[in-house]
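See below for the structure under consideration.
The values are calculated or read from the model by the stated rules, or taken from the named source; none is laboratory data. These numbers come from a predicted model, not from an experiment. Because the Cβ atoms are built from the backbone with ideal geometry, glycine has one as well, and the counts that use them run over all protein chains shown. Heads up: the accessible areas ignore ligands, DNA and RNA and are worked out on the full protein's heavy atoms, side chains in. Shrake-Rupley method; radii C 1.70, N 1.55, O 1.52, S 1.80 Å.
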Amino acid sequence: MNIKNISANIGKALLVNALFMLISVIISAINGFDSGFTPLLISFLITTIVGGFPHIFSRGSSQDSIQDGYITIVLAWLLSFIFGMLPYVLWGGEFTIMNAWFESVSGYTTTGSTILTDIEALPHSLLFWRSSTHFIGGLGVIVFLLLILPDSSSFKFKLSNLELSSIAKDGYRYKSSKTVKVIISIYLGLTVAESLCLWIAGMSSFDAINHAMSTVATGGFSTRNLSIMHYDSVAIDIIIMVFMVLASMHFGIIFAIFAQKSLRPLTNPVTKYYLGVILVLSLMVTASLMHTGGHGGFGEALLEGSFQTISFISTTGFGQSDTAMWPALATALLIFASIHCGCAGSTTGGIKSDRMLIAGKGLTAEFRRKLSPYSVFKVRLGNTVIEDEDISSVFLFIVLYIILIFTTFVAVMMCGVELGEAFSGTVSSIGNVGPGIGELGTMGNFASQPEPAKFIYTIAMFMGRLEIFPVLIVLSLMFKRNR
C-alpha cells in the first residue's frame, strides 16, 4: 500500500471541496457577510491546510495498485463527508454533530434527505454550500480527482474504471481522459442550461443555480421549505421534469445526441426501456390519484403524478406535492421507482434500469433454456451480446442490494422507527432518492428520526452511492491486513 500517494490523491480531492467552500465564502461577502461567512472561512482554511499537507512529502507517482485505487475512492468520500460537515457544525442552529454528519453525507451522496425543519433560515452562503455538496457528489469526488491527475498516469486509468459503474462503461468508448471530458461537458452544460431556463421561468438567479445544481446531480436539496411546490409554476415544474430525465440518462447517450446532431442514440435499448418505465409508472400513478380524487382534473393529476414519478425514479427527490396525502397504490409505485431508478452512466442511484433490463432478459433466456435444453439462447441488448459472466454479476448485485435493504431495514427498526417509515427510509437512503413516505415524504424530513437510525441511514447512503462493492472490498482488505 502506497500511503504517501494515497494521501496526496485524497488531499487533491479535499482541495476540490475547499474550492467550493471559497466560492461560498465569496457569496457570503456579496450578501453582506451573512452568518455563514465565518464558519465557511474557517472550514475553507482547515480543509485547504489538510488537503495541501500531504503534498509536502509526496508529489504522487503512477506506481499504485488496484487496491490503492479502492482505498483512495472510499477514503476520499469519507473525508469529504467529514470536512463537508464543518460549515454546518460551526454555524450551529439545527446542526448537532449527528445532524451535520447526516446533511453532509446526504449532500455528497446526492440523496437529498434533510434534517432541517426550516431550510429558509439558512444564509445564502450555507445554502450554496449545501447545493455544492450535491454538485461535487454528483460527478463524484474521484471524477474531480481525475481532472487534476496527469493524463499519463496509470492510476488515473485505474480510478476511472473503479469509479464508473461496470455496466456504464460501454457508453464511454474512449480512454479515461476523454471519458472525464465527456462527463464534465454534459454535467456543466445541463447545469448552465437549466439555470437559464429556470431564471427565465421566474426563479431568482440564486434559486435557479441552486436548483439546477441539485437537479443535474439528481440530489434534491432545495432552497425552499416547500421544495418545488413553493413556486406553484407549471413552467418550472416542466423544466425540472425535463432536466431530471436528462440527468438520469447515460451521459454518453446525451453526448452522442449533440455530437451526432441526431436523436438516433435514443433508440438505445436501455434508454427506450427507461423512458417506457417512466411513461407507464406516470400513467399508473395518475390513475391512482384520479381514482381517489382531491387532485383536481386530469391535467393536474398528470402533472403531479408525472413530476413525482420522475423525481423518485431519477433519485432527485424534489417535492411538487405532498406525497404523505397520496393513496397507498401511488405511494407503492413511488417506492418501486425508488428501487428501480435511472440509467448507469448518470448521477442516479438504485439498482438502475440497465441491470433491471438485463435481469429481465436473463430470466427470459433461462426459462427458454428450461423449455429447450439443447438450444442456445443469448441475451442481447440491441446488437450487443451480454455474456453469462456479466448477467451473473447483475444478479449478484441485485441480491446484495436486497440483502442491504433487509439488514438496514431491520437495524433501523431496532432503533424504534415505525415499520413503514423504516422501510421507505431504507429504500430511499440506499437508492439515494431522498424522500420516503409519511413523515419522511416530500414535505417531511428526517429530523425526528432517532440518532442511531440517522447514522444507519448515512451508511446506507454511502453504500448505495458507491454501489456496494468498493466498500466491501476495502473492508475485506482491512480484515486481511489485521489478520
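On a per residue basis, the chain carries 41 Å² of accessible surface, using protein heavy atoms and a 1.4 Å probe. The GluC sites (Glu not before Pro) of the stretch 383-483 that meet both conditions, a loop assignment by DSSP and at most 15 other Cβ atoms within 10 Å of the site Cβ, are 387, 418. Across every direction, the projection of the convex hull enclosing the Cα atoms of the stretch 323-456 has a mean area of 10.1 nm².
By the Stokes-Einstein formula, at 1.567 mPa s and 4 °C, the stretch 291-388 with its Kirkwood radius over alpha-carbon pairs has D equal to 81 µm²/s. With the simple spin-label model, which puts each label point 7 Å out from Cα in the Cβ direction, the residue 49 to residue 178 separation comes to 4.5 nm. Could you tell me which residue out of 407, 342, 360 lies farthest along the dipole of the stretch 289-417 toward its positive end? Charges go on the beta carbon: Lys and Arg +1, Asp and Glu -1, centred on the Cα centre. About the Cα centre, the residue reaching furthest to the positive side is 360.
Projected label points at residue 238 and residue 389, each 7 Å from Cα along the beta carbon direction, are separated by 4.9 nanometres. In the chain, the portion of solvent-accessible area held by carbon and sulfur atoms comes to 67 percent [1.4 Å probe, whole percent, DNA, RNA and ligands not counted]. Rounded to the nearest 20 debye, the dipole size of the chain about its Cα centre is 2020 debye, using +1 on the Cβ of Lys and Arg and -1 on the Cβ of Asp and Glu. Put simply, the amide H of residue 381, placed in the peptide plane, has neighbours under 5 Å in 386, leaving out anything fewer than 5 places away on its chain. Ranking 211, 230, 291 by solvent-accessible area of protein heavy atoms (1.4 Å probe, all protein chains present), from largest to smallest, gives 291, 230, 211.
Only aspartates and glutamates eight or more places from residue 454 in sequence, or on another chain, were considered; those with a Cα closer than 18 Å are 94, 103, 418, 421, 439. Summed over qualifying helices (DSSP H, 4 residues or more, each -39500 (n - 2.57)) and divided by its residue number, the chain shows a 222 nm mean residue ellipticity of -21500 deg cm²/dmol. Each Lys and Arg adds +1 at its Cβ and each Asp and Glu adds -1 at its Cβ; summed about the Cα centre, the stretch 347-481 shows a dipole of about 480 debye. Among the helices of the chain, those built from whole DSSP H runs whose Cα atoms reach 30 Å or more along their own axis and whose mean Kyte-Doolittle hydropathy is at least -0.5 are 3-30, 176-200, 269-292, 388-414.
Extents of the chain, taken as max minus min of Cα coordinates on every principal axis and listed largest first, are 65, 55, 52 Å.
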